[in-house]
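Let me begin by presenting the structure, written as structure tokens, before commenting on it.
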Amino acid sequence: DPAVGGTSDATITPLQELIAPDTTITSQPSNPSGSSFASFTFSGTDNVTPSGSLTFQCSMDGGAFSACTSPYTSGVLTDGSHTFRVQAVDAGGNVDGTPASYTWTVDTTSPPAPVVFTPANGSFTSDTTPTVTGIGEPGATITLYVDGAPNATGTADGSGNWSITVSSALSNGPHTVRARANDNVGNTSPDSNTNTFTVDGIAPDTTITSNPTNPSADTTPSFTFTGNDGAGVGGVTFECRLDTGTFTACTSPFT
């Protein structure tokens, strides 16, 4: 009784927390992720004033919740889909009934080596900026290597087909081409097959070296001829026609 001795025997009890806290994930791995580990940071809001001290419980892939702290780093994760959940617990034992959750995919598998189709191995082309075609993992970024150096990039379509034009003119002569794939989380494939082809961008010259007299009484005249490969990178073949006929393959001498 405050009237007796001026003091009170009343006991002051702490405010009982009856409202559950809220939980927020503040950082998480990318989706998809190329890492077999995942790190998270999180925080909580205690909805009681004055607020008590919050603790946290974490769960990975549907496992039981257990005490954890922020930042949290997982153990080794297999490739595939994963879900992380975290819930705050306040000083009164109230648990966040709607844990914060994040689902993502782990992909640590390298794409298969792409395959280069054209220019075909051993082929010749007059195109100094040829288009290279092939197949690889759908959606992968394809890096084209010409003569061992990265040259240009492209993207494989939904069926894996890709087509990349060489970025600058190639000199006359032999060249090599190969490709490498990177998926959308940065996993790199082994190298493709290497095709060697020859650029011959200069037309040859042709010379008739013997022919019938003019006029001639010969009804089955003969001709001989030679050719000079302007690029000097391979032999030449010949096509002949008489009067306004169609050019067809021929050899010297031609009768």
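The values are calculated or read from the model by the stated rules, or taken from the named source; none is laboratory data. Owing to the predicted nature of the structure, the values given are computational and were not obtained by experimental measurement. Ideal geometry is used to build each Cβ from the backbone, glycine not excepted, and the neighbour counts take in all protein chains shown. All accessible areas refer to the heavy atoms of the entire protein, side chains included, with ligands and DNA or RNA removed. Shrake-Rupley method; radii C 1.70, N 1.55, O 1.52, S 1.80 Å.
What is the residue count in segment 98-128 for residues that are surrounded by fewer than 19 Cβ atoms within 10 Å (Cβ to Cβ) and assigned to a strand (DSSP E or B)?
Residues meeting the conditions: 10.
In the set Thr188, Thr198, Thr206, Thr224, which member is touching a His at 6+ places or on another chain (Cβ under 8 Å) and either aromatic (Phe, Trp, Tyr) or at pLDDT 90 or above (or both)?
Working: Thr188 fails: touching a His at 6+ places or on another chain (Cβ under 8 Å); Thr206 fails: touching a His at 6+ places or on another chain (Cβ under 8 Å); Thr224 fails: touching a His at 6+ places or on another chain (Cβ under 8 Å).
Going through Thr188, Thr198, Thr206, Thr224 in turn, just one is touching a His at 6+ places or on another chain (Cβ under 8 Å) and either aromatic (Phe, Trp, Tyr) or at pLDDT 90 or above (or both): Thr198.
For residues that are part of a loop (DSSP other than H, G, I, E, B) and closer than 20 Å to Gly186 by Cβ, tally how many sit in segment 129-156. Spell out the reasoning first.
Restricting attention to segment 129-156, the residues satisfying the condition of being part of a loop (DSSP other than H, G, I, E, B) are 129-130, 136-140, 147-148, 156.
Within this subset, residues satisfying the condition of being closer than 20 Å to Gly186 by Cβ are 136-140, 156.
Residues that pass the stated criteria total 6.
Can you find even one residue in segment 15-30 that is at pLDDT below 95, small (Gly, Ala, Ser) and either touching a helix residue (DSSP H, G or I) at 6+ places or on another chain (Cβ under 6 Å) or assigned to a loop (DSSP other than H, G, I, E, B) (or both)?
yes
Of everything in segment 61-97, what is of a type in the set (Ser, Thr, Tyr), assigned to a strand (DSSP E or B) and within 20 Å of Ser36 (Cα to Cα)? Give them in sequence order.
Scanning segment 61-97 gives Tyr72, Thr73, Ser81, Thr83.
Taking into account only those residues within segment 157-167 that are farther than 22 Å from Ser126 by Cα and either assigned to a loop (DSSP other than H, G, I, E, B) or of a type in the set (Lys, Arg) (or both), which is least open to solvent (accessible area, probe 1.4 Å)?
Filtering first and then ranking leaves Gly160.
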